[in-house]
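Each remark here refers to the structure printed beneath this line.
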Amino acid sequence: MHYTGQVYRPPAEAWTPLLEVSYGCSHNKCAFCTMYTHTPFGMAKLEDIEEDIIELKNTSIYPIERIYLTGGDPLVMKADRLIEIGNLIHKYIPEIKTITCYASFYNLKNKSVEDLKKLKELGYNQLYIGVETGYEPALDMINKGISLDEAYEQLKKLKAAEIDYISILMLGIAGKGKARENAQATAKLLNTYPPISLGIMTTDVQVGSKLYEYREEGIFVEATIREALEEQIILLENLDFPHPEKVTYSSFHVVNPVQIMTTLDKKDQIIDEYKKALRDLPDEVLDRPNKLHAI
């Protein structure tokens, strides 16, 4: 298999075969991110991709119904290239049902609804999209390469193409004192086209990131763990999805001080868990910024 530099995949894809179609990140300017600092963006050669598909097919002891494309944003590639890759996957792995990967609104801008429908037919679905926030000042600050209006437009395109997505959110990214504004604006965005899963990430300022510079310069003031937990409650209270029983809610990640995985029809129980944490955790924990392995 060909793997280049830093390779990441969502926790939920731990058992999914990984296929390199790109490496690094074409944008690589998000203020909070250091994931691809040492891996310049590039696209895999088609012959290498085909070779790896064959290897996956010949070495797997189980039918491969799902495959994960590596790289920070494989969907930055033109639709024709993605279709070519999809056809190769189907040629050697006819049982494939889902082709998934990281994506962003930034790299959906170069796709029409018709492009997305063609990709959906090939199995490109359940995309992991770093929505992060629907609060415009925070979205502008983190430099996702997209405006809030464009975020709404890309969601409309996904909905028209009937492509499912997993929404990755960054609670606390609006900074200290902005929990309510961030949660309400983010819920408003998601309500326009609900994801099939919510991936909750509590903002953790990484050394080497632009956000770290902003913090050191006083431009960005971190929210506390208390505010992050309160923000999750406000977010949940404002989500209005037609089929919450079909939406997974997951804060099951090391960056989160409270880890929960269930479905959104259990919203009241999730809120109760966060309220319990607010009651039970000591003030010295609640009133400081989030840090990895803090609890």
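Tallying residues that are open to solvent by 40 Å² or more (accessible area, probe 1.4 Å) and within 24 Å of Phe105 (Cα to Cα) within the stretch 35-55 yields 6. The residue pairs whose first member lies in the stretch 257-284 and is touching a residue at least 12 places away in the same chain (Cβ under 8 Å) and among the charged types (D, E, K, R), whose second member is part of a helix (DSSP H, G or I) and exposed (fewer than 15 other Cβ atoms within 10 Å of the Cβ), and whose beta carbons are closer than 7 Å, counting only pairs six or more residues apart or on different chains, are Asp265/Glu245.
Restricting attention to the stretch 276-294 and to residues that are within 17 Å of Val205 (Cα to Cα) and loosely packed, with under 13 Cβ neighbours inside 10 Å, the residue that is modelled with the highest pLDDT turns out to be Asp287. Here Leu211 fulfils each of the conditions (1) buried (at least 16 other Cβ atoms within 10 Å of the Cβ); (2) within 17 Å of the chain's Cα centre (by Cα) apart from (2).
The values are calculated or read from the model by the stated rules, or taken from the named source; none is laboratory data. Owing to the predicted nature of the structure, the values given are computational and were not obtained by experimental measurement. Every residue, glycine among them, receives a Cβ derived from its backbone with ideal geometry; neighbour counts consider all protein chains shown. The area values use the complete protein model at the heavy-atom level, side chains included, leaving out ligands, DNA and RNA. Shrake-Rupley method; radii C 1.70, N 1.55, O 1.52, S 1.80 Å.
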